[in-house]
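Read the structure below first, then the notes.
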Amino acid sequence: MLRLRQIWRIARWGVVGVLLPLVVVTHLTIVALLVWPFDADDLVATGEPLVVLDVRGEEIATLPATGIDRTRWIELGRVPTIAVSAVVESEDARFWDHGGVDGFSLARALWLDLKEGRYGGSTLTMQLSRMLISNGQPRSVGNKAREMLLAVRMERAVDKHTILEQWLNRAYFGNGQVGFDAAARFYFGKSATALSDAEALTLAVIPRAPTGYDPLKHLDATLRRRDYVLQMLVARGAVSTDEAATIRATPLALARHDSINHAPHFVAYAVEQLPADVRAAGGRMHTTLDLQLQRTLQRRVTEQVAQLSHMHLQQAGVIVMDTESTGVRAMVGSIGWSSPGGQINITTRRRNPGSALKPFVYATAIERGDSPASIAWDIKDVTGEYFAPNGIEHGPVRYREALASSYNFAAVDVLDQIGVARLMTTLRAAGVGELPGAPNDYGLRLALGAAKVRLVDLTASYGFLVKDGKVGRARAIDHVEVADGRRWVPPRTLERRVVSPATAWMTMDMLADPEARRPGFGMELPFDLPFRIAAKTGTARGFSDTWAIAASNEILVGAWAGSVDGAPTQGLVGMDAAAPLARDAILAVAAGAKLTLPKRPTDVEEIEVCATSGMLPSETCPRIRDYAHRGRSNELEIDSWHDASGAISYPPRANGWLVRTGGRSAAR
């Protein structure tokens, strides 16, 4: 007896250490239940689908509610009886008896966890608690305690039928479907009330493991689970043996029944711009998209990929914007939305743009005083920091021809004069991209597309050509009529100035000059239209990315064609693959009318220069007319390349080019 007392004196503190926390937790729980009652209004579904409309009010898509869709809510009495029985029997057999937390089930789950692995002990009420407060969070002791407390509070506030109805409308059924009725419509294309017993029972087992019991991917596993639950129902007398046999023999017409989405890339792009509370509430989103134009370009992009697939063209995309507002009127991110790679939106992917960055090189040079008549040296040894053993040289050429014909060495020469840092400043101001890193990270190859940019950003940035040197960001949403009665309008970003109106116009005029394109690209080009259009193509190294961007007073168009995985095409260039798509978009918008370009600003004057040297003409040099900043022609020197007989004597930097091309060496 004495020994027992001694043992108790030692052990009692351990007992106190175990029981005291339990007593404290019990008291706190009782206090919480008394002073913190559950508000049944917290169970009211508030979400609605988001209806996406085009600029004319035509429906583009209807997106399901992100939370619980009150328009798809189904009352417990309308859910097939067999589904309700299956849920209770397989998930929480003592549902009608416990008060929210089932101690027996928790103890059993703990024992099985220790013995065999992970087993759940959550009641349906606890599972509903998880859906309300910790859905998507990792399971932990803390979260489990919160779920248990909420479950007890709910059981004191609402009846069992309400809890079961809430569970059936909030459970996740895989493939993005929340709620029994949404699942019925997705998997079987019918409402929950129209389901057969076989269909209803199949749906009822999915929430147990939405991925493992996905009937579209793992039908055998789903049916094994269904038949197991069916046998449980037979054993409990809820289903007869004959009814069970009929259910097993009933064929299932399972398939995806996605809601119609006529412009999935655009819709995803627009929805990303919504605040979380607006998206969750749902409503009607009015966008800038022209669905008629969208359909036309979707067909054309599909045709272009098919026509050039033999040259290893994999994908293509097009974006069209309104010039004044930069509202997106069409966005084709790729072809074959449901096919592999089809969900990639190429207009928002960062890719190398090739020569499509060259307009910013020349605009930066003209902004500091040069003109379309200035000379660029299109020679391999243009600078000690850059030498390319391959490529065609054109010698000294005016900016106009060098840009319109996309001469690579000339662009490198101009960039070498203005500096990489200055070009990066221009590109960032234009919204082309963030361009992370320092100038040395890009070097002179930045003129040839060394930075990765997005088609949507580059297309919007070309707006400086036709908007007096200013650019705006692409926008997709006009306004949202939120389901809760609010009206949400996206904040407008101010346009940014990139260059002066004079510089913008001269750069635009060079890109819109069809004759200046001829030396580099030849005749019968995609941009030879009934009206002038400012346009530029680009081709990345390896021929995996081809680009075409065009601008007018009315629209901005960007097109991409190539291979998403970076595999080379068979020598396709921008003028062959992307430019035809840009042309077709232009003509589709024009619809027989003529698009226009800005008028020449008053601070741009017409000048006469020597066609060879870009200087003021001497008596013997060929003359040509071009444009310059008003008053800057007075700063030009008289041509010194031609002697009295008209013979040309090039500057010394032409020596290497003359030797390589078999010409006469420079005399000075």
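Laboratory data are not the source of any read-out in this text; all were calculated from the coordinates shown. Being a predicted model, the structure only gives us computed values, none of them experimental. With ideal geometry, Cβ positions are generated from the backbone for all residues, glycine too; neighbour counts draw on all protein chains shown.
Here is how the numbers come out for the structure above:
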| item | result |
| --- | --- |
| The range 606-661: relative contact order in percent, alpha carbon pairs under 8 Å with at least 6 residues between | 30 percent |
| Space enclosed by the convex hull of the alpha-carbon atoms of the range 65-249, per residue, Å³ | 128 Å³ |
| The chain, relative contact order in percent, only Cα pairs under 8 angstrom and at least six apart counted | 12 percent |
| Structure-based [θ]222 nm, the chain - -39500 (n - 2.57) summed over DSSP H runs of at least 4, per residue, nearest 500 | -12000 deg cm²/dmol |
| Longest to shortest principal axis, alpha-carbon extents of the range 258-366, angstrom | 48, 41, 24 |
| Expected-Rg normalisation [2.2 N^0.38 Å, Cα atoms] applied to the range 566-668 | 1.66 |
| Angle in degrees between helix 160-170 and the longest Cα principal axis of the chain, rounded to the nearest 10 | 20 degrees |
| For q = 0.16, 0.20, 0.22, 0.30 Å⁻¹, Debye-computed log10 I/I(0) when each Cα of the range 552-611 counts as one equal scatterer | -0.74, -0.84, -0.90, -1.24 |
| 14 Å beta-carbon shell around Arg156, net charge (K/R +1, D/E -1) | -2 |
| Packing-based ranking, highest mean first, of 610-616, 549-555, 39-45 given that Cβ atoms within 10 Å are counted | 549-555, 610-616, 39-45 |
| Isotropic mean projected area of the C-alpha convex hull, the range 348-435 (nm²) | 6.1 nm² |
| Extension gain from Val158 to Asp381, taking 0.36 nm per residue of separation minus the Cα-Cα distance | 72.0 nm |
| Semi-axes of the equivalent ellipsoid for the chain, Cα gyration tensor, largest first, Å | 70, 28, 23 |
| Neighbour net charge for Gly566 - beta-carbon separation under 14 angstrom, K R +1, D E -1 | +3 |
| Residues Trp657, Trp377 arranged by fewest to most Cβ contacts within 10 Å | Trp657, Trp377 |
| Net charge, Ala253 excluded, C-beta distance under 11 Å - Lys, Arg +1, Asp, Glu -1 | 0 |
| Rh by Kirkwood over Cα pairs, then Stokes-Einstein D for the range 500-658 at 1.306 mPa s and 10 °C, µm²/s | 87 µm²/s |
| Residue (of Ala244, Ser309, Leu233) at the positive-pole extreme of the chain, dipole from beta-carbon charges | Leu233 |
| Extension reserve of the Asp528-Leu254 stretch, reckoned as 0.36 nm per residue once the Cα distance is removed | 93.5 nm |
| Efficiency of FRET from Cβ geometry, Thr425 and Glu635, R₀ 25 Å, rounded to 0.05 | 0.55 |
| Contact order relative to length of the range 65-249, as percent, for alpha carbon pairs under 8 angstrom and 6 or more apart | 25 percent |
| Per residue, the convex hull volume that the Cα atoms of the range 528-581 enclose (Å³) | 69 Å³ |
| Computed FRET value (nearest 0.05) for Val44 with Arg224, which takes r as the C-beta separation and R₀ as 41 Å | 0.65 |
| Peptides 500-510, 520-530 ordered by average Cβ neighbours within 10 Å, highest first | 500-510, 520-530 |
| Exposure proxy ranking, count of Cβ atoms within 10 Å, fewest first, for Tyr172, Tyr187 | Tyr172, Tyr187 |
| Stretchable slack from Glu75 to Ala194, in nm (0.36 nm times residue separation minus alpha-carbon distance) | 41.4 nm |
| Binned Cα-Cα distances of the range 367-522, short to long, each 5 Å bin given as a whole percent | 2, 9, 15, 17, 19, 15, 8, 5, 3, 3, 2, 1, 1, 0 |
| Cα lying deepest toward the dipole's positive end in the chain, options Ser129, Pro439, Met331, charges on Cβ | Ser129 |
| Three-way shape label, the range 230-314, alpha-carbon gyration tensor, a/c 1.5 | oblate |
| Separation between Cα centres of the range 269-300 and the range 359-411, rounded to whole Å | 41 Å |
| 28 Å tail of the calculated P(r), the range 449-593, as % of Cα pairs | 27 percent |
| Relative frequency of Cα-Cα separations exceeding 20 Å in the range 606-661, percent | 32 percent |
